[in-house]
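What follows draws every value from the coordinates through simple rules; no lab data is involved. Keep in mind that this is a model prediction, so the values were computed, not measured. With ideal geometry, Cβ positions are generated from the backbone for all residues, glycine too; neighbour counts draw on all protein chains shown.
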Amino acid sequence: MIAVTSIQFAYSGEKPFFIPDFEIRSGEALLVLGKSGSGKTTLLNIMGGLLAPQTGEVSIDGISLYSMKGNALDKFRGKNIGIVFQKPHILAPLTVEENISLPRFFVNKPSGEKVHQILSELGILEKKAARVHTLSEGEAQRVSIARALANEPKIILADEPTASLDDENASIVVNLLKEQAKKLHASLLIVTHDQRIKDEIETSITITREGP
Ligand SMILES: Nc1ncnc2c1ncn2[C@@H]1O[C@H](COP(=O)(O)OP(=O)(O)OP(=O)(O)O)[C@@H](O)[C@H]1O
């Protein structure tokens, strides 16, 4: 479970964001909606341990994220949080399989079978030896999801995962995220302004720059 409490955040010299308190229990999903510039990616980065708020707390299973710093925070993030970025951050010189193995390598977990299982569940096993530039956008997004899931995280954060996808691929990607979150008993947060996702995930909050 992830809980966001009393967060205050402003980029230097800018006006603050209004971030409501909320929690996402294990196995549950939440959509964060809001116009462009409302602070959705900012919120995701705060929840992912990438951007410390000025005040307030993000806690994961009772552990306060920002009570940790530097290496300890990086390790905790690597082990517990899977982030699907807006643009797939996949490493071009590596194959699909190597890209998915990397996060496991960093936390000293063996790859092999687990990586095959994830690739197979996401329907990209036959692409395991492929280089990233040979993939379609839908496939690249699935690789990106596979990489976020590689360490079987407790928290899955996805930033506009369907933005560049057609209806069919958008639906496949959302359902994969939902299924995997259920299976891992993880909390899933999807940040989006894609109206198509609203039909797939019922619970949502909307953030605005002006506040309530
Ligand atoms: N590092 C930064 N320094 C200063 N301002 C920033 C920084 N990153 C983002 N911003 C500003 O903060 C606001 C919110 O950005 P953010 O990316 O969180 O919005 P968003 O809701 O995710 O937008 P979109 O839907 O377009 O991705 C924007 O006005 C943006 O220009």
Have a look at 129, 140, 181 and point out the one that is touching a residue at least 12 places away in the same chain (Cβ under 8 Å), part of a loop (DSSP other than H, G, I, E, B) and either among the β-branched types (Val, Ile, Thr) or more than 16 Å from the ligand (Cβ to nearest atom) (or both).
129
Candidate set: region 39-64, residues that are more than 8 Å from the ligand (Cβ to nearest atom) and hydrophobic (A, V, I, L, M, F, W, C); chosen: the one nearest to residue 189 (Cα to Cα):
47
Residues of region 82-113 being touching a residue at least 24 places away in the same chain (Cβ under 8 Å) and within 16 Å of the ligand (Cβ to nearest atom), in sequence order, are 83, 84, 85, 86, 88, 89
A careful count of residues in region 163-212 that are among the aliphatic types (A, V, I, L, M), crowded, with 17+ Cβ neighbours inside 10 Å and over 19 Å from residue 140 (Cβ atoms) gives 7
